[in-house]
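Novice: Provided herewith is a single structure, encoded as structure tokens, for subsequent inquiry.
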Amino acid sequence: MQECDQELTASITPDVIQVLSGLSFFEKLDDALSPEDRAIVPARCHATYELSEALLRRSDIDPSDFPDTFCVLRAQGGGCDCEILYNVSESNRLKQHYWMERAQGREVDARHVPVVP
């Protein structure tokens, strides 16, 4: 994992988040981890950026920009695919389902347990 320059990361964060939002990156990641169609088996977070990197590659993001992109996501609390949705994305199904289950006293899907910063 690349060491991140905190000053650079802070300076590029708004632009990186804007680009990711413009690519519907967060929505696509949510579609993978928490499909709207409950008949579709959700992807599993492996505590990596495996899904995110695949989405970035399909979005034609230059791979040389991946390290800075992941530095920004980590700085925002997104240490892996599911944490991006729990801690970086404002609103998504994965986060909503997690908190609905908790509020109703149900066992939470262990595939996606957020790490609260």
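Novice: Restricting the search to the range 87-107, which residues are of a type in the set (D, E, K, R), under 13 Å from ASP30 (Cβ atoms) and surrounded by fewer than 19 Cβ atoms within 10 Å (Cβ to Cβ)?
Specialist: Those that are of a type in the set (D, E, K, R), under 13 Å from ASP30 (Cβ atoms) and surrounded by fewer than 19 Cβ atoms within 10 Å (Cβ to Cβ): GLU90, ARG93.
Novice: When the range 72-88 is examined, which residues are found to be touching a Ser or Thr at 6+ places or on another chain (Cβ under 9 Å) and closer than 16 Å to GLN18 by Cβ?
Specialist: Those that are touching a Ser or Thr at 6+ places or on another chain (Cβ under 9 Å) and closer than 16 Å to GLN18 by Cβ: VAL72, LEU73, ALA75, GLN76, GLY78, ILE84.
Novice: Just to be sure I understand the filter: pairs with C-beta atoms under 9 Å, separated by 6 or more residues or on different chains, first member in the range 29-51 and β-branched (Val, Ile, Thr), second member outside any loop (DSSP other than H, G, I, E, B). Which pairs pass?
Specialist: Taking only residues 6 or more apart or on different chains, the pairs are ILE40/ASP31; THR48/ASP81.
Novice: Let me ask something additional. Collect the residues in the range 15-28 that are touching a residue at least 60 places away in the same chain (Cβ under 8 Å) and in contact with a Leu (Cβ under 7 Å, 6 or more places away or on another chain), keeping them in residue-number order.
Specialist: PHE26 - this is the single residue of the range 15-28 that is touching a residue at least 60 places away in the same chain (Cβ under 8 Å) and in contact with a Leu (Cβ under 7 Å, 6 or more places away or on another chain).
Novice: Working only within the range 2-14, note down all residues that are surrounded by fewer than 14 Cβ atoms within 10 Å (Cβ to Cβ) and touching a residue at least 40 places away in the same chain (Cβ under 8 Å).
Specialist: Matches in the range 2-14: GLN2, ASP5, GLN6, LEU8, ALA10.
Novice: Out of (1) buried (at least 20 other Cβ atoms within 10 Å of the Cβ); (2) out of contact with any Cys (no Cβ under 9 Å at 6 or more places or on another chain), the odd one out for VAL72 is which?
Specialist: With respect to (1) buried (at least 20 other Cβ atoms within 10 Å of the Cβ); (2) out of contact with any Cys (no Cβ under 9 Å at 6 or more places or on another chain), VAL72 is out only on (2).
Novice: Right, next: Just name the residue that is surrounded by the most Cβ atoms within 10 Å (Cβ to Cβ) out of those in the range 31-54 that are within 17 Å of HIS97 (Cβ to Cβ) and among the acidic types (Asp, Glu).
Specialist: Going through the qualifying residues, I end up with ASP31.
Novice: Mind checking which helices (runs of 4 or more DSSP H) fall wholly inside the range 1-87 and carry at least 1 residues that are among the basic types (Lys, Arg)? Walk me through how you get there before you give the answer.
Specialist: Details: elements: 6-22, 25-33, 50-58, 66-75.
By residue number, 25-33, 50-58, 66-75.
Novice: Let me ask another. Just a yes or no: is a residue in the range 107-116 more than 18 Å from ALA43 (Cα to Cα), modelled with pLDDT under 90 and in contact with a helix residue (DSSP H, G or I) (Cβ under 7 Å, 6 or more places away or on another chain)? Talk me through it step by step, then tell me what you get.
Specialist: Initial filter on the range 107-116 (more than 18 Å from ALA43 (Cα to Cα)): 107, 115-116.
Those still in the list that are modelled with pLDDT under 90 too: 107, 115-116.
So of that shortlist, the ones also in contact with a helix residue (DSSP H, G or I) (Cβ under 7 Å, 6 or more places away or on another chain) come out as 115.
Taking every residue of the range 107-116 in turn, at least one turns out to be more than 18 Å from ALA43 (Cα to Cα), modelled with pLDDT under 90 and in contact with a helix residue (DSSP H, G or I) (Cβ under 7 Å, 6 or more places away or on another chain).
The values are calculated or read from the model by the stated rules, or taken from the named source; none is laboratory data. Worth saying up front: this structure is predicted, and the values here are computed from it rather than measured. For neighbour counting, all protein chains shown are included, and Cβ atoms are generated from backbone atoms with ideal geometry for every residue, glycine included.
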